[in-house]
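J.: Take this structure, written in structure tokens, and hold onto it; I'll ask about it next.
Please treat every number below as a calculation from the coordinates, not as lab data. A quick note: this is a predicted structure, and the numbers were derived from the prediction, not measured. We place every Cβ from the backbone using ideal geometry, glycine too, and count neighbours over all the protein chains shown.
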């Protein structure tokens with residue numbers, strides 16, 4: 001092999017070697033960049049895991065509170081239903097008593113008024129078990 005060919009081959013090998021070194025340097029820079037990105041993402045991942053756990057705890061607590069409130073609402077709805085029934089009964093009693101008073105006022109005799117009102121109260125007592133006195 002002539003010297004010129006050897007020199008040319010040597011130059012080509014030096015160029016290839018130089019390109020290989022440049023490629024290695026570029027890849028090492030990319031590798032460092034990817035390592036930093038990986039570390040950043042791992043930290044972010046850990047932060048998100050902590051945040052997720054905190055949110056899970058908050059959700060569980062909120063769900064417990066919501067369940068307690070639902071039970072209270074159900075209890076109050078039942079109580080409201082009972083109170084409505086009681087109010088309706090009281091309205092009926094009031095209407096009966098008001099009508100009894102109107103009738104009693106139309107009666108001229110005091111004893112007849114008293115008998116009328118006693119009769120009405122006795123009827124209410126029998127029906128409801130109230131007004132004992």
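J.: Translational D (Stokes-Einstein, µm²/s) of the stretch 3-128 at 4 °C and 1.567 mPa s when Rh comes from the Kirkwood sum over C-alpha pairs?
T.: Reported coefficient: 53 µm²/s.
J.: Listed highest first by mean packing, meaning other Cβ atoms within 10 Å per residue, what order do 118-128, 63-73 come in? Before the final figure, lay out each step's value.
T.: Numbers: 118-128: 12.8, 63-73: 10.0.
Result, highest mean first: 118-128, 63-73.
J.: May I pose another question? Report the full-extension gain for the segment residue 6 to residue 39: residue separation times 0.36 nm, less the Cα-Cα distance, to one decimal in nm.
T.: My answer for the length gained is 7.1 nm.
J.: Rounded, prolate or oblate: which one fits the stretch 32-96, using the alpha carbon gyration tensor with axes a ≥ b ≥ c (rounded when a/c is under 1.5, else prolate when a/b beats b/c, else oblate)?
T.: prolate
J.: Report, in deg cm²/dmol and to the nearest 500, the calculated mean residue ellipticity at 222 nm for the chain, where each DSSP H run with n ≥ 4 adds -39500 (n - 2.57) and the sum is divided by the residue count.
T.: On the way: 2 runs with 123 residues, N = 133.
Using -39500 (n - 2.57) per qualifying helix, the result is -35000 deg cm²/dmol.
J.: Using Cα atoms only, what is the angle between the long axis of helix 110-128 and the major principal axis of the chain, expressed in degrees (0 to 90) to the nearest 10?
T.: 40 degrees
J.: Same structure, new question: Quick one: if the Förster radius is 25 Å, what FRET efficiency do residue 117 and residue 73 give, using the C-beta to C-beta distance and rounding to 0.05?
T.: 0.05
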